[in-house]
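Worksheet: the structure to be examined is printed underneath.
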Amino acid sequence: MATRTPPAGIKIIAQNRRARHEYEILQTLEAGIVLLGSEVKALREGRANLGDSYAEIKRGEVWLLKMHIGPYEMANRLNHEPFRRRKLLLNRREIRKLEPKMDDVGLTLVPLKIYFKFGKVKVDLALGRGKKLYDKRHDKAKRDVDRQMAKNLGRRD
């Protein structure tokens with residue numbers, strides 16, 4: 001499988017690969033994020049982890065929780081807290097569309113990746129439904145079959 005290169009002006013900082021395995025992605029959207037200066041500099045060094053992070057809507061605002069941004073070495077006492085809540089920047093209209101979907105049982109907002117887009121930090125959010133174990137097995141079996149078919153087709157040429 002060839003790796004995709006991001007379009008010009010976009011530099012991916014971190015990806016949550018586990019999210020696509022754990023969740024069935026129903027919808028994706030791009031959001032800005034409110035950060036401190038030391039957080040931006042730490043992101044430029046690639047010190048981000050989206051492992052267990054998720055987003056929630058509280059009082060008409062979207063917040064990103066449990067995202068780890070490592071400390072920036074040069075910030076000393078003015079450094080940020082690595083696991084603090086971070087506000088996501090979405091239009092009111094987008095938030096109003098998400099709220100009823102979030103009330104459905106089993107749906108959650110999961111960040112897929114965080115990246116720089118023309119100098120601004122952006123987050124790809126996905127509205128996803130948690131997969132059951134048998135769904136994960138089915139996806140893995142399908143991937144294996146597709147891989148085997150591609151391998152066999154490659155031998156014939």
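Here is how the number arises for the chain: DSSP H runs of 4 or more residues each give -39500 (n - 2.57), the sum is divided by the residue count, and the result at 222 nm is -10000 deg cm²/dmol.
Taking the empirical scaling 2.2 N^0.38 Å for compact globular proteins as reference, the chain has a Cα radius of gyration ratio of 1.21.
Converting phi to 3J(HN,Hα) with the Karplus coefficients 6.51, -1.76 and 1.60 and the offset θ = phi - 60°, the range 32-41 yields x, 9, 8, 10, 8, x, 5, 5, 5, 5 Hz in sequence order, with x at every glycine or proline. Computed 3J(HN,Hα) for the range 55-68, one whole-Hz value per residue from the Karplus formula 6.51 cos²θ - 1.76 cosθ + 1.60 where θ = phi - 60°, is 10, 9, 9, 9, 6, x, 10, 9, 10, 9, 10, 6, 8, 9, glycine and proline marked x.
What is the distance in Å between the Cα centroid of the range 47-75 and that of the range 132-147? Measuring centre to centre over Cα atoms gives 30 Å. Applying 1/(1 + (r/R0)^6) with R0 = 41 Å to the Cβ-Cβ distance of Ala8 and His68 gives a FRET efficiency near 0.90. Measuring nothing but how far apart in sequence close Cα pairs (under 8 Å, 6+ apart) lie, relative to its length, the range 10-131 scores a relative contact order of 39 percent.
FRET efficiency for the Glu94 to Glu56 pair, using the beta carbon distance and R₀ = 22 Å, is estimated at 0.90.
Each value in this text was obtained by applying a stated rule to the coordinates, not by laboratory testing. For clarity, every value in this text was computed on a predicted model and none was experimentally measured. Counting neighbours? That spans all protein chains shown, and the Cβs are built from the backbone with ideal geometry, glycine included.
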